[in-house]
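Shown next, in structure tokens, is the structure this report addresses.
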Amino acid sequence: MSKIRILSDALASQVAAGEVVERPAAVIRELVENSLDAKATHVTVEVQRGGTAMIRITDDGVGMDREDALLCIERHATSKIRSKEDLAAVRTFGFRGEALPSIASVSRFRLATRERESLSGTEIEITGGKLSGVKDHGGSGGTVIEVRSLFFNVPARRKFLRTEATEYAHIEQQFRTHAIANPQVTFTLIRDGGVAFHLPGTQAVLDRVRGLSGDDLAKRLIQVERIETQGIAVWGFIGGPGVSRSSRQQQLTFLNGRPIESQPINYGLREGFHTTLMKGQYPVTFLFLEMDAEAFDVNVHPAKKEVRFHDGFAVREAVAKAVRCALEAAGKLPDGHPSTTPRSMAQALQLRPEVVLPSVPQQQAFTMPVTPSSRPSITAAPMFEMRRPLSAKADESAVAKSVNHTIEQDVPASSSPASVTVAAPAPAQPVVKPAPPQFRIIGVLHRLYVLMESAEGLVLMDQHAAHERVNFEKMRRAMELGGVPSQRLLMPLMLQTSPRDGDILKRHLDSLAKLGIEAEPFGPNTFKIEALPTFLKTEDPLAWLDQVIEELQSLSSKSSSLRLGEDMIATTVCRHSVKANDRLSMPEIEALLADLFACEMPYCCPHGRPTLIQMSMNELEKKFGRLAP
Ligand code: ADP
Ligand code: MG
């Protein structure tokens, strides 16, 4: 007797349902996609008990006539593709004709639909995949689909559902994704009878973000201007340095308006955010990619969530570039447009607690009290201020020197009115630098936080983090220019390694040399270390080298040696280049500030931690009860 059987249609649908409909949120994904494909301008999602009891999607789309309404619940019934060629160019969300029959096979399903111009509509009821009723429907134009008791006839699947709260969280995430992807559509989410979100249609994605996540987040986003590279356009909004999450929930990416998840995009984001992101943190993104439909394949994932790019590397590059440009632009100020300063500064400094840099006049100045001993005054007496502009063309060390020099020369112990204006040094290329904001240094807290007054309130600088950023960029520049300065050791060190570590070291000797580490194989599993980077300040260089090897191991899959070096600098060298709790003199603080604002990314250390935070007067007044919170 033959063993192979053709599955009954009902069973096939249930099997397909397992792929397409893992949970209530997936039902919402499919139904909302259908509504959008039907050109709806208003979509309402209602759920009860995390979608397990009831899901209802109401739209004002094109609706269906009776014939289509009956057909749409058949397997492989779709109005969206007719041929193989259509499949290649599919622009709508659906195309498999699988969703409705799958959902209907595992629920009590009701579909009511009417084409706007027809006199009456159709209502269909299906229970566990079996048609149980067809009648006229008198509702307005559009479609309502109701899904009750999901998985009532598939207990095994019902058991896999999580708590109602968890299922609802997934639903909300799904809803958010659709809402961001389609800001022009009015979306409403009703949870157990109460309105959770009502989002009127808008042209601006940022309005939609505000509607979903509040003004707070919207303010902390940086715009990614549309850039097109190799036929891939990228634009949208991303969180500035310091805005990150411990999960990917707010890392939303879209391809031609379709929410997608993709490895090349994730890599591109990592690469683009690079040192502005802490380990284990994910960026906040609302990033839109647009490209020719020929350049990718959506037909690989049953839920169409994942796409395959024909040139994944190009996608990764395009995303990285767009993010990098946006982050850099946010920290920079176009010459001659002082009005843009507060905004770009504020955007770059979107950190918690409220971090907004002061507005900066075109003539930049750091002002500070003239003697380290001068105590902050509790009277309203102004601190002294004398501006002494330095040449903007001076190189970095010259600036630092002049600052020290100025202070030593011009500031006698008795506090005569004096302060220094430091112009940010011009980099080799005519890149537009961020304007250093005006701060008055108040003092140093616990040898770690430099307290400063800005136009907006109190600014704190983590001197350690600031040092790390400055050193990181210095070393990276040195590395790009041919190598980190290194220091010959009087006595070469002998480093013993395991055979595996030895192999890794051997493969990276060139990169290590660029990083100021001169190592040479010396017998089996032994290396002679002849020079180490000058920046390195550690008691135990061998232990440090072990860390470097560990770093090499975790990075060995990455391609570029520059990136490898950057990561190494960020993770190892930097940490050893600043001693914690060093007492800094006022001129040193001044120089540190100048150096920090000469950096490409001044607002966070190479590990993504903030270097500066600000508490606005507003924030302080709220804390002291002068303002209603
Ligand atoms: P697919 O979306 O892959 O075509 P579905 O099973 O999701 O398959 O839907 C089947 C068909 O039913 C669609 O192609 C469409 O013609 C019709 N349809 C589904 N939902 C709606 C809706 N909300 N408004 C109008 N037509 C719809
Ligand atoms: Mg569909």
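The values are calculated or read from the model by the stated rules, or taken from the named source; none is laboratory data. Since this is a predicted model, take the numbers as computed values, not measurements. As a convention, Cβ positions derive from the backbone with ideal geometry for all residues, glycine included, and neighbour counts pool all protein chains shown. Quick note on the areas: whole protein, heavy atoms, side chains included, nothing else; ligands and nucleic acids left out. Shrake-Rupley method; radii C 1.70, N 1.55, O 1.52, S 1.80 Å.
Among the candidates Glu551, Glu539, the residue that is touching a helix residue (DSSP H, G or I) at 6+ places or on another chain (Cβ under 8 Å) and outside any strand (DSSP E or B) is uniquely Glu551. Evaluate the following for Arg176: is it free of Cβ contacts under 8 Å to residues at least 12 places away in the same chain and surrounded by 18 or more Cβ atoms within 10 Å (Cβ to Cβ)? Taking the combined requirement at face value, the residue does not satisfy it.
Within region 476-491, the set of residues being among the aliphatic types (A, V, I, L, M) and surrounded by 14 or more Cβ atoms within 10 Å (Cβ to Cβ) comprises Ala478, Met479, Val484, Leu489. From the list Val43, Val47, exactly one residue is open to solvent by less than 40 Å² (accessible area, probe 1.4 Å), within 11 Å of ligand 1 (Cβ to nearest atom), closer than 30 Å to Ala165 by Cα and at pLDDT 95 or above. Which is it? Criteria check complete, one pass: Val43.
Look at (1) modelled with pLDDT under 80; (2) part of a loop (DSSP other than H, G, I, E, B) and you find that Leu562 fails only one, number (2). Once region 22-57 is narrowed to residues that are out of contact with any His (no Cβ under 7 Å at 6 or more places or on another chain) and among the basic types (Lys, Arg), the residue that is farthest from ligand 2 (Cβ to nearest atom) is Arg49.
For every residue, the table says whether it meets (1) modelled with pLDDT under 90; (2) open to solvent by 40 Å² or more (accessible area, probe 1.4 Å).
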site	(1), (2)
Gly194	no, no
Val205	no, no
Asp216	yes, yes
Glu225	no, yes
Glu228	no, yes
Pro241	yes, no
Gln249	yes, yes
Leu252	no, no
Leu255	no, no
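Scanning region 137-173 for residues that are acidic (Asp, Glu) and in contact with a helix residue (DSSP H, G or I) (Cβ under 9 Å, 6 or more places away or on another chain), which turns out surrounded by the fewest Cβ atoms within 10 Å (Cβ to Cβ)? Restricting to residues being acidic (Asp, Glu) and in contact with a helix residue (DSSP H, G or I) (Cβ under 9 Å, 6 or more places away or on another chain), the top hit is Glu164. When Met494 is tested against (1) at pLDDT below 90; (2) open to solvent by less than 90 Å² (accessible area, probe 1.4 Å), exactly one condition is not met: (1). Are any of the residues in region 264-271 within 11 Å of the chain's Cα centre (by Cα), within 24 Å of Asp311 (Cα to Cα) and surrounded by fewer than 18 Cβ atoms within 10 Å (Cβ to Cβ)? Within region 264-271, one or more residues are within 11 Å of the chain's Cα centre (by Cα), within 24 Å of Asp311 (Cα to Cα) and surrounded by fewer than 18 Cβ atoms within 10 Å (Cβ to Cβ). Filter region 96-126 down to the residues that are open to solvent by 10 Å² or more (accessible area, probe 1.4 Å) and within 12 Å of ligand 1 (Cβ to nearest atom), then identify the one that is modelled with the lowest pLDDT. Looking at the filtered set, the residue picked out is Arg96.
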